[in-house]
Every structure is written in C-alpha cells, then in structure tokens.
Amino acid sequence: GGFNIVNVRSHNGMLLLLAPFLTSGQYVAHQQLPTRYVFEAPKAAGTRSAARGGICTQAGNPAIPHKEVWMLTIGECESACKAMPQCTAYEYAEFGSDNLGYKRCELQLVTVDGCIPADGHVCMVKKVLIPSSPHRTALNKMPGSAGFSLLKPVQPAAQTTATTTPTLTPATTAHILTPTVPSWAMPGSSTSTPSPAAAPARPGCPPPTKKCTCCHVVAAGADIAGGAVSCTDLKNGDFRGMNLEGLIASSSDITCAVFDGANLISADFTAASGESVSFRNAVADGMAMSEANCPSADFSGASLMGFTAERAEFIGAKFNRAKLEGGVMTEANIDRADFTGATMLHTVNFDFAHMLQTAVGMNLRVPPNGR
C-alpha cells in the first residue's frame, strides 16, 4: 500500500499502470536523476587519509595550472568551480599581514590527486555523482548510497579554440564577471589574448617593442630573475595583452615597459625599477611590487586586488579607476600619486605611507553599500 494507480493509454491502445506516488524505501522504474557535483578532500601527502586543509597538488607538485580569482568567499569559490566545466578542484586561502587580509580562490585546471597540509588553505576535489542505473533509482536515498555511483574526479576539459562562459551564481558573478576583466581571464573562456591596444603616451619613452633585450624569456610562470636563465632587462618591452600569470621578474628593469591589458595575476615585480612603466587595464590581482621603484607608473583601470607594495616608490603614479581591494601599501611613497576613481580605497593598508597628504583623489570613506 501507499501509492496511487494511474491509468494511461499508450499509442497502441494497451493499458499501462503507473505508480507515481511511492512510500519511503520503494523504487520507481525508468527514472533518471540529474548529474550532481560534490567536493571531497584529497589525500594528504605521505598518508592514506584525506586532509581538507592544504595546498592542491598533482603528483606532489603544487605548481599546477589554475585560474585565480580574489576576494571571494569559500562558498563562492566552490560555486565558481562547479559552474566552470574545466575546473577539477578548488584551493581556497585566506591570508594577509593585517586585520583586513584577503582571500584567494584557485580554480584548478588539471587533475588534483593530493595536497600538502597548510594552515589557512582548503583543497577540495570536484567529483560527479550520477545514478548507477536508469532503471532502479532509490527516491529516498542520499548520493553515495544505493542508486548512485561516485565516479572518478572530474577530468580536465580538452583545450578548444573557444568555450562558453558558464552561468555563475549572483554572488560569484559580482566578483568575476566584471567589465574591466578581459574575456580570456574569465572562468570557462578561451585562453587567447586580446589584440594589443594603442600604447599610452609615456613621457620620454620611445614606442614599445617586442624585441627588447629580454622580451624573449617573458612568459607565464617564467622565472627570469633566478631561474635557469636570468635576464631582467625589460626596458621599453611591449607585453600588451599577454598572459603572464605567475611571472617572476623581481629586480627587473621595467623602464617604459608596457603591460597594458596583460594577465599579471600573482606576478612578482619585487624590487623592480623603472620610470613610466604602464599597467593600464591589466588584471594583476595578487601582484607583488614591494620595494619597487616606479615613479610615474600608470595603473589606470587595472585590477589590483590583493596587490602588495610595501615600501614601494610610486611618486606621481596613476591609479585612476583601479580596483585596489585588500591592497597593502605600508610605508610606500605615494607623493602626488593620483587615486581618482579608484575603488575600495578604504580597504587598502596605507599604514606609515609617505606623502599621503599630497596624493590626489584619496577617498578613504566607506561607501554606503560597503563597496
């Protein structure tokens, strides 16, 4: 007992009996449940047990391809991975040198098979649940019990010339799908870079060139400062629209170099020097420029969330309309720097910054909506 019988006449006149209302524990024939995604912690390095807190790795290597997004919550990070077909796992971290801190979400693009335990980090592998059989599906069972099969982790999507940007949740969309982020930086988009825009006027600089002294070694993830090949003369280099995520160019000469529209997420320009360098409209979240000496640098329209520039020299620099959420500029010299139109200035750490009183457009008031 416990269900109703419904009569349905088929196309050949035969009478069918269906039972759409079942009691707990009973089964219905030919019901296919939708695919679902779940997230599980991978095994910690050197153990057989899962460790939720840690840095995602592949074969023990933490330096694996990923997309990086800043200032999301852990829930938004998981939603972004779930919505992005290429995402196989996510790594979430909260860190910072003051009470503001900042949050980093890494959407992994290769198979994650382990993690290295680390405080403040979370690694979760994306897995897919589908019904084990389309003919007998338990209506009252939870995923992982009778009627479901837990498959292997989601595999990296094959590279194509173009993919469709997934529909993200409203909370995630507010952080990722922003007008100033180029299409190649979006989760789920192709990896091609945009066409270079015209170089801005840089007083005293010749036109930028692709044939600067060390232009040939500059690439995403390259260590041009202390790697196998050390070549740090980037003077007047043309790097517009390039994907340079994770580039290590500490102590490099970037005089008159142009990085407009480039992907510089997590790039390292610590102690770099050079006048009139341009980062206009670059996506440079998490970029490091502590102790850099870059007078008249132009960061107009750049995304600089989580940007660190402690003790940097930015005399006369332009930060117009830049996104500076969670930035750190402690002890930086910002004499006559222009912050007109920059957003989230109230979240930037300007402790002991030099010449704060001469900087232009320093609106440190918290906006009514908190953003």
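Do the conditions hold for Gly96, that is, is it modelled with pLDDT under 85, in contact with a Cys (Cβ under 7 Å, 6 or more places away or on another chain) and not assigned by the TED database to the domain that holds Met344?
No, not satisfied.
Here are some residues: Ala309, Ala272, Ala267, Ala317. Which one is open to solvent by less than 10 Å² (accessible area, probe 1.4 Å) and in contact with a Leu (Cβ under 7 Å, 6 or more places away or on another chain)?
None of the other options fit; the residue is Ala267.
Here are the criteria: (1) under 25 Å from the mean Cα position of the chain (by Cα); (2) open to solvent by 30 Å² or more (accessible area, probe 1.4 Å); (3) at pLDDT 90 or above. Tell me which single one Thr232 does not satisfy.
(1)
Any chance you could count how many residues in region 320-370 are in contact with a strand residue (DSSP E or B) (Cβ under 7 Å, 6 or more places away or on another chain), open to solvent by less than 70 Å² (accessible area, probe 1.4 Å) and on the phi > 0 side of the Ramachandran plot?
Counting residues in region 320-370 that are in contact with a strand residue (DSSP E or B) (Cβ under 7 Å, 6 or more places away or on another chain), open to solvent by less than 70 Å² (accessible area, probe 1.4 Å) and on the phi > 0 side of the Ramachandran plot gives 3.
Condition first: part of a loop (DSSP other than H, G, I, E, B) and within 21 Å of Asn281 (Cβ to Cβ). Now tell me which residues in region 338-361 satisfy that.
Phe339, Thr340, Gly341, Ala342, Met344, Val348, Gly361
Could you please find all residues in region 55-73 being open to solvent by less than 30 Å² (accessible area, probe 1.4 Å) and either touching a Pro at 6+ places or on another chain (Cβ under 9 Å) or over 20 Å from Met305 (Cα atoms) (or both)?
Cys56, Thr57, Ile64, Val69
The values are calculated or read from the model by the stated rules, or taken from the named source; none is laboratory data. In this text the structure is predicted, and so the values were computed from the model without any measurement. So basically every Cβ, Gly included, is an ideal-geometry build from the backbone, and we count neighbours across all protein chains shown. Each accessible area value is taken on the protein alone, full model and side chains, heavy atoms only, with ligands, DNA and RNA left out. Shrake-Rupley method; radii C 1.70, N 1.55, O 1.52, S 1.80 Å.
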